[in-house]
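The values are calculated or read from the model by the stated rules, or taken from the named source; none is laboratory data. Quick caveat: nothing in here was measured; it's all calculated off a predicted structure. So basically every Cβ, Gly included, is an ideal-geometry build from the backbone, and we count neighbours across all protein chains shown. These area figures cover heavy atoms from the full protein model, side chains too; ligands, DNA and RNA do not enter into them. Shrake-Rupley method; radii C 1.70, N 1.55, O 1.52, S 1.80 Å.
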Amino acid sequence: MKKIAIALISLPLFALSGAALAADAAAGADKASMCLDCHMNDDFKGLSAEDIEGMIKAARAGDDHDPSINDLAEEDIADVAAWFAHEGAK
Ligand code: HEC
């Protein structure tokens, strides 16, 4: 009985932490639409979400990219990177 109670308590905690950690490709689709004026869905084909995230951050930090990349909120970078990784893997 005690074990079951512990399992029931820890389950939602696990689900919550999983959701908070995982970048959300579905949410990223919406935010990536502003990138698709110039980029293709598979512009970052073959790259991992982590790689793409790093490239987006580098592009924001540099002066070369169109300033529109700064319209992307900091907290949305991981989602957009996950979406491009997902699209590029098709
Ligand atoms: C106005 C057109 C335009 C928009 C909008 C745009 N980009 Fe770009 N992006 C470019 C061009 C052109 C390049 C290639 C030249 C350069 O690196 O600046 C580029 C390059 C990049 C690179 C670097 C690629 C590399 O090989 O290092 C990343 C990452 C990137 N864009 C991400 C994004 C993301 C994410 C968005 C949406 C938030 C976005 N871009 C929106 C035009 C655009």
For the range 57-72, the count of residues that are touching a residue at least 12 places away in the same chain (Cβ under 8 Å) and in contact with a Lys or Arg (Cβ under 7 Å, 6 or more places away or on another chain) equals 2
Going through the range 42-52 in order, the residues found to be within 9 Å of the ligand (Cβ to nearest atom) and open to solvent by 40 Å² or more (accessible area, probe 1.4 Å) are Asp43
Of all residues in the range 56-70 being of a type in the set (A, V, I, L, M, F, W, C) and exposed (fewer than 14 other Cβ atoms within 10 Å of the Cβ), which is nearest to Trp83 (Cα to Cα)?
Ala58
Which residues, counting only those in the range 53-90, are within 7 Å of the ligand (Cβ to nearest atom), among the hydrophobic types (A, V, I, L, M, F, W, C) and not in a helix (DSSP H, G or I)?
Leu72
Among the residues of the range 32-41 satisfying the criterion of being within 14 Å of the chain's Cα centre (by Cα) and within 7 Å of the ligand (Cβ to nearest atom), which is most open to solvent (accessible area, probe 1.4 Å)?
Cys35
